[in-house]
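The structure appears below as structure tokens.
The values are calculated or read from the model by the stated rules, or taken from the named source; none is laboratory data. The model shown is predicted, which means the values in this text are computed figures rather than measured ones. Here the Cβ positions follow ideal geometry from the backbone for every residue, glycine too, while neighbour counts run over all protein chains shown. In case anyone asks, the SASA skips ligands and DNA or RNA and just uses the protein heavy atoms, side chains included. Shrake-Rupley method; radii C 1.70, N 1.55, O 1.52, S 1.80 Å.
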Amino acid sequence: MREEQAPHTLSGFPKAATDFVSALEANRLRIARDAGVSATELRALFRIAQAVSLTPKDLASHLGMTTGAVTAISRRLVDLGLVHRVDHPDDRRSLYLELSASGHDLMTQIHRSFNEMLAASAGHLDSEQLSDFTAALESVTAEIRSRLSSL
């Protein structure tokens, strides 16, 4: 006979934090869908955009994937015209991944849309509340990263 099981739920700050992350993740999935890429391909695009120029090996490390998996992802992004390959100046067997003009246009559009969504979502906060929220979010994020790096 099966025992009654209680749901695993959070409350207070932990619930608010996971709800916030879940809302951002839902937005990220919407962005990926609208851009015609997978969530993983979108993560790759964001990392390439942030780095400007990145080796597949470095992208694989960032995504926690094999270089073979990243080769498939980068090939698809190249085929979509969002990324292009650039020869490595010091190693003819290596290359860099960079955004194409279309990739830059897409990232500009994504950032604009994200900024607009956040501005509208925080519209009920005055400038001091928004500043306090930003500082608290940055502080908690830094502390989480610090704790993770020590594991």
Two decimals, Cα atoms only, Kirkwood Rh: what is Rg/Rh over segment 1-81? 1.17
Among Thr141, Thr108, Ala119, whose Cα sits farthest toward the positive end of the charge dipole of segment 102-146 (+1 at Cβ of Lys/Arg, -1 at Cβ of Asp/Glu, about the Cα centre)? Thr108
Rounded D (µm²/s) - segment 1-146, Kirkwood Rh over Cα pairs, Stokes-Einstein at 25 °C, 0.890 mPa s: 136 µm²/s
Sites Leu24 and Arg92, calculated FRET efficiency, Cβ-Cβ separation with R0 41 Å, nearest 0.05: 0.50
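Mind listing which trypsin sites (Lys or Arg not before Pro) in segment 30-136 are in a DSSP loop and have 14 or fewer other Cβ atoms within 10 Å?
Taking segment 30-136 and a limit of 14 other Cβ atoms within 10 Å, the loop trypsin sites (Lys or Arg not before Pro) found are Arg92, Arg93.
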Looking at the chain as a GNM with Cα springs under 10 Å, which of Ala136, Ala72, Ala32 has the largest mean-square fluctuation? Ala136
Accessible area per residue of segment 105-149 at 1.4 Å probe, in Å²? 79 Å²
Evaluate the distance, in nm, between pseudo-label points positioned 7 Å from the Cα of Ser131 and of Val52 along their respective Cα→Cβ axes. 3.2 nm
The chain, helix-only ellipticity at 222 nm - DSSP H runs n ≥ 4, -39,500 (n - 2.57), divided by all residues, nearest 500: -22500 deg cm²/dmol
Please compute the length gained on full extension between Leu118 and Arg85, using 0.36 nm multiplied by the number of residues separating them and subtracting their Cα-Cα distance. 8.6 nm
Give me the angle, in degrees from 0 to 90, between the Cα long axis of helix 39-51 and the longest principal axis of the Cα atoms of the chain, rounded to the nearest 10. 70 degrees
Ordered by residue, what ³J(HN,Hα) values in Hz, to whole numbers, does segment 76-83 give under the Karplus form 6.51 cos²θ - 1.76 cosθ + 1.60, where θ = phi - 60° and Gly and Pro are x? 5, 5, 5, 4, 7, x, 9, 9
Once you've got the GNM for the chain with C-alpha springs shorter than 10 Å, pick whichever of Phe114, Phe13, Phe46 has the biggest mean-square fluctuation. Phe13
Give me the distance in nm between label points sitting 7 Å out from Cα along the Cα-to-Cβ direction at Ala101 and Leu63, one decimal. 2.6 nm
Under unit Cβ charges (Lys, Arg +1; Asp, Glu -1), what dipole magnitude, rounded to 20 debye, does the chain have relative to its Cα centre? 620 debye
Going by a ≥ b ≥ c, the root eigenvalues of the Cα gyration tensor, does segment 48-93 fall in the rounded group (a/c under 1.5), the prolate group (a/b larger than b/c) or the oblate group? rounded
Name the long-range amide H neighbours of Ser100: under 5 Å, sequence gap of 5 or more, or other chain; modelled H, no Pro or chain starts. Val83, His84
Which length gain, in nm to one decimal place, applies between Thr108 and Ala6 when the Cα-Cα distance is subtracted from 0.36 nm times their residue separation? 32.2 nm
For the Cα atoms of the chain, what angle does the longest principal axis make with the long axis of helix 101-121, in degrees from 0 to 90, nearest 10? 10 degrees
The chain: most fluctuating residue of Glu138, Glu98, Glu41 per GNM, C-alpha cutoff 10 Å: Glu138
